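Note sheet for the following structure.
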Amino acid sequence: MTDLAAAARTVVDRCLAVREGEGVVVVADPGSLDVGRALHDAALRARGDSVLVELPPRDERGTEPPPAVAAALAAADVFMAPCLPSLSHTRARKAASAAGARGATLPGVDAEMLARLMGADLDATVQRSRRVAALLTEADEARFTCPRGSDITFDLRGRAAIADDGDVTAPGAFGNLPCGEGFIAPLGGSGVFVATSVGHFGLAGDEVRLTVEDGRLTGVTGALGQVLLEQLTRYGDDGRHLAELGVGTNDRARLGGNVLEDEKILGTVHVAFGASAAIGGTVSVPVHEDSVVVDPTLTIGSTTVLDAGRFVL
């Protein structure tokens, strides 16, 4: 069995627990057809009734899939979506989850990444993710700094965190794979952070300093900072809404400019703007952009979780 096939079996058998006779829809794009085929084949081996759909790429992230694909997702028992734009924050994905389908999105994944990250010690990743999520849920506040000048505080009151631990087995469950983070939709926050990986745009070539005031992105520096601001502003004030604070927990993830992997790196934090309704917030817009901070020192409540990029929880 190849590494990709083994990773696909882990996704299908462990993460989603596909059962005999279940309707499975795999939505891939031209750049991820090898991953889509591997997931489809794994679902067939699990005796699922699987179909593979190729979704043509679009210029905008967060746009809805064609109506026929949306209908297929809503009718499925299980869905997997290794495609761009991400289906995570779309109406189609939310409707499928509300109808009871369990599923995972894998936006921007490639075969090597999936094989490597899903080959991590998943039990250890699960434990880290759940411990982080529990702390985020219990605390009223979190703060991180970094050597490049980050210093930002988040209001967590009344919000419940989510452990991205790869367990998508319950009816209506939804997750992001490869797995490896604990995250929350903050109530608010203010401060500044310096991002190394910026949204889906890649690694910063100069200093990207993002300023947050009263839960909104209000200022940027750097070329990719400006690109990020322009992307978010297309969706009005809600596009600049502080949507997520996350902590990476996968020790196989490494920095490369693909946010799907970068945000999972053990010892990093990430902050997102845009849609938060799918993860416990209140904002629904067709954009969600995560930016990753390396070497942070993070305190959740009174507990130090990261010390200069070292996971100490």
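The values are calculated or read from the model by the stated rules, or taken from the named source; none is laboratory data. Values in this document were obtained by computation on a predicted structure and should not be read as measured data. Here the Cβ is made from the backbone with ideal geometry for all residues, glycine too, and neighbour counts use every protein chain on show. To get the accessible areas, we keep the full protein, side chains included, count just its heavy atoms, and leave off ligands, DNA and RNA. Shrake-Rupley method; radii C 1.70, N 1.55, O 1.52, S 1.80 Å.
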- Message: What's the total number of residues in the stretch 149-168 that are assigned to a loop (DSSP other than H, G, I, E, B) and surrounded by fewer than 17 Cβ atoms within 10 Å (Cβ to Cβ)?
- Response: 4
- Item | Qualifying positions in the stretch 30-52 - touching a residue at least 40 places away in the same chain (Cβ under 8 Å), under 19 Å from Gly175 (Cα atoms) and of a type outside the set (Gly, Ala, Ser) | Val35, Leu39
- Being farther than 22 Å from Ala160 by Cβ and among the polar types (S, T, N, Q) is the filter here, so list the residues in the stretch 269-295 that pass it. Ser291
- Message: Here is a list: Thr63, Thr145, Thr125. Which entry is under 20 Å from the mean Cα position of the chain (by Cα), crowded, with 17+ Cβ neighbours inside 10 Å and not hydrophobic (A, V, I, L, M, F, W, C)?
- Response: Thr125
- Message: Among the residues of the stretch 269-290, what is the count of those that are part of a strand (DSSP E or B) and out of contact with any helix residue (DSSP H, G or I) (no Cβ under 6 Å at 6 or more places or on another chain)?
- Response: 5
- Message: Can you tell me which condition Leu203 does not meet? The list is (1) under 19 Å from the mean Cα position of the chain (by Cα); (2) of a type outside the set (Ser, Thr, Tyr); (3) over 30 Å from Glu22 (Cβ atoms); (4) open to solvent by less than 10 Å² (accessible area, probe 1.4 Å), and all the others hold.
- Response: (4)
- Query: Only one of (1) at pLDDT 95 or above; (2) open to solvent by 40 Å² or more (accessible area, probe 1.4 Å); (3) in contact with a Leu (Cβ under 9 Å, 6 or more places away or on another chain) is not met by Phe79, so which one is it?
  - Reply: (2)
- For the stretch 207-238, how many residues meet the condition of being touching a residue at least 12 places away in the same chain (Cβ under 8 Å) and in a strand (DSSP E or B)? 11
- Could we say that Leu106 is within 18 Å of Pro171 (Cα to Cα) and surrounded by 20 or more Cβ atoms within 10 Å (Cβ to Cβ) here? no
- Item | Selection count, the stretch 169-187, where residues are over 14 Å from the mean Cα position of the chain (by Cα) and either open to solvent by less than 10 Å² (accessible area, probe 1.4 Å) or closer than 15 Å to Pro82 by Cβ (or both) | 1
- Task: Go through the residues of the stretch 31-51 one by one and say whether even a single one is open to solvent by 30 Å² or more (accessible area, probe 1.4 Å), in contact with a helix residue (DSSP H, G or I) (Cβ under 8 Å, 6 or more places away or on another chain) and either in a loop (DSSP other than H, G, I, E, B) or of a type outside the set (D, E, K, R) (or both).
- Result: yes
- Would you be able to tell me the number of residues in the stretch 293-313 that are assigned to a strand (DSSP E or B), over 17 Å from Glu138 (Cβ atoms) and open to solvent by 30 Å² or more (accessible area, probe 1.4 Å)? 4
- Query: For the stretch 110-122, which residues satisfy the criterion of being surrounded by fewer than 16 Cβ atoms within 10 Å (Cβ to Cβ) and outside any loop (DSSP other than H, G, I, E, B)?
  - Reply: Glu112
- Could you check, for the stretch 88-104, whether at least one of its residues is touching a strand residue (DSSP E or B) at 6+ places or on another chain (Cβ under 9 Å), in a loop (DSSP other than H, G, I, E, B) and at pLDDT below 90? yes
- Message: Suppose we keep only residues that are of a type in the set (Val, Ile, Thr) and either assigned to a loop (DSSP other than H, G, I, E, B) or free of Cβ contacts under 8 Å to residues at least 12 places away in the same chain (or both) within the stretch 1-26. Which one would you say is least open to solvent (accessible area, probe 1.4 Å)?
- Response: Val18
- Of (1) under 19 Å from Gly180 (Cα atoms); (2) at pLDDT 95 or above, His288 fails just (2)
- Return a yes/no flag: does the stretch 275-287 have any residue that is open to solvent by less than 10 Å² (accessible area, probe 1.4 Å) and within 18 Å of Thr196 (Cα to Cα). no
- Across the stretch 254-268, what is the total count of residues that are part of a loop (DSSP other than H, G, I, E, B) and farther than 23 Å from Thr299 by Cα? 3
